[in-house]
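Below: one structure, written as structure tokens.
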Amino acid sequence: MRDKIEQVLFSEAQIADRIREMGAQIEADYKDKGGLLLIGVLRGVAVFFGDMMRAIDLPLDIDFMSISSYGSSTRSSGVVRILKDLDENITGRHVVILEDIIDTGLTLSYLVRLLQERRPASLEICTLLDKPSRRLIEVPVKYTGFTIPDQFVVGYGLDYDQKFRNLPFVGVLKPEVYAGK
Ligand code: 5GP
């Protein structure tokens, strides 16, 4: 897998350091709020979620949603179908949505609207990666791991054609990987 990577953007150690910082920030923001619900959107967030939840030393619950966005694999249309809804009732709860990457913002903007209708006490977004130059719709991101330029990245949960999620770092694929498809 690693021989298909052109460049490592963020190493395991860099990601771990940043997650420790974000965890401390979330801890400080929620310590007096009497609980927190972390929501993950499958599948890309799986790795980040596991590390992030362990970086927050507070009583918390976790829950997951699975959605599919119509459109090609590398571009999101923003039209979202819920494949698996949350198990938890979020009404009156302090919720943080964890995301792997925000690109156009279309998916997340749809999700935020959907979840706001359920009247949580608060709803914030925490993303590992953000590509602000690609944004088509504004989404209020409270916690951002790293801001990246308009590059397609893989690893640390992020896939290309469902592969490369298990790379422990975030990187860019060699062009020949796409050409070979
Ligand atoms: P958005 O609705 O913000 O355009 O789409 C976000 C979703 O698109 C992410 O959750 C992810 O699944 C996918 N995505 C966007 N940019 C990248 C990228 O650089 N690499 C990978 N692997 N997925 C991406």
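Quick notes on this one:
- Kirkwood Rh (inverse of mean 1/r, distinct Cα pairs), the chain, angstrom: 16.8
- Residues of the chain: accessible area per residue with a 1.4 Å probe, Å²: 51
- Taking each of LYS84/LYS131; LYS4/LYS142; LYS142/LYS174 in turn, the alpha-carbon distance tops 30 angstrom for LYS4/LYS142; LYS142/LYS174.
- Helix-only [θ]222 nm of the chain, DSSP H runs n ≥ 4, -39500 (n - 2.57) each, per residue, nearest 500: -7500 deg cm²/dmol
- Net charge of neighbours whose Cβ lies under 12 Å from the Cβ of MET1, counting Lys and Arg as +1 and Asp and Glu as -1: +3
- Taking LEU158, LEU42, LEU58 and ordering them by how much accessible surface each has at a 1.4 Å probe, largest first, produces LEU42, LEU58, LEU158.
- Comparing mean-square fluctuations of LEU115, LEU106, LEU83 from a GNM of the chain with C-alpha springs under 10 Å, the top value falls on LEU83.
- Solvent-accessible area of the chain (1.4 angstrom probe, protein heavy atoms only): carbon and sulfur portion equals 48 percent.
- Within a Gaussian network of the chain (alpha carbon springs, distance under 10 Å), most fluctuating of ILE39, ILE19, ILE82: ILE82
- Taking every DSSP bridge with both residues inside region 1-123, close to 25 percent are antiparallel.
- Highest-MSF residue in the chain out of PHE49, PHE169, PHE146 [GNM, Cα springs under 10 Å]: PHE146
- LEU98, LEU60, ranked by accessible area, largest first (probe 1.4 Å): LEU60, LEU98
The values are calculated or read from the model by the stated rules, or taken from the named source; none is laboratory data. A quick note: this is a predicted structure, and the numbers were derived from the prediction, not measured. Reconstructed Cβ throughout: ideal geometry from the backbone, glycine too, with neighbour counts over all protein chains shown. The area values use the complete protein model at the heavy-atom level, side chains included, leaving out ligands, DNA and RNA. Shrake-Rupley method; radii C 1.70, N 1.55, O 1.52, S 1.80 Å.
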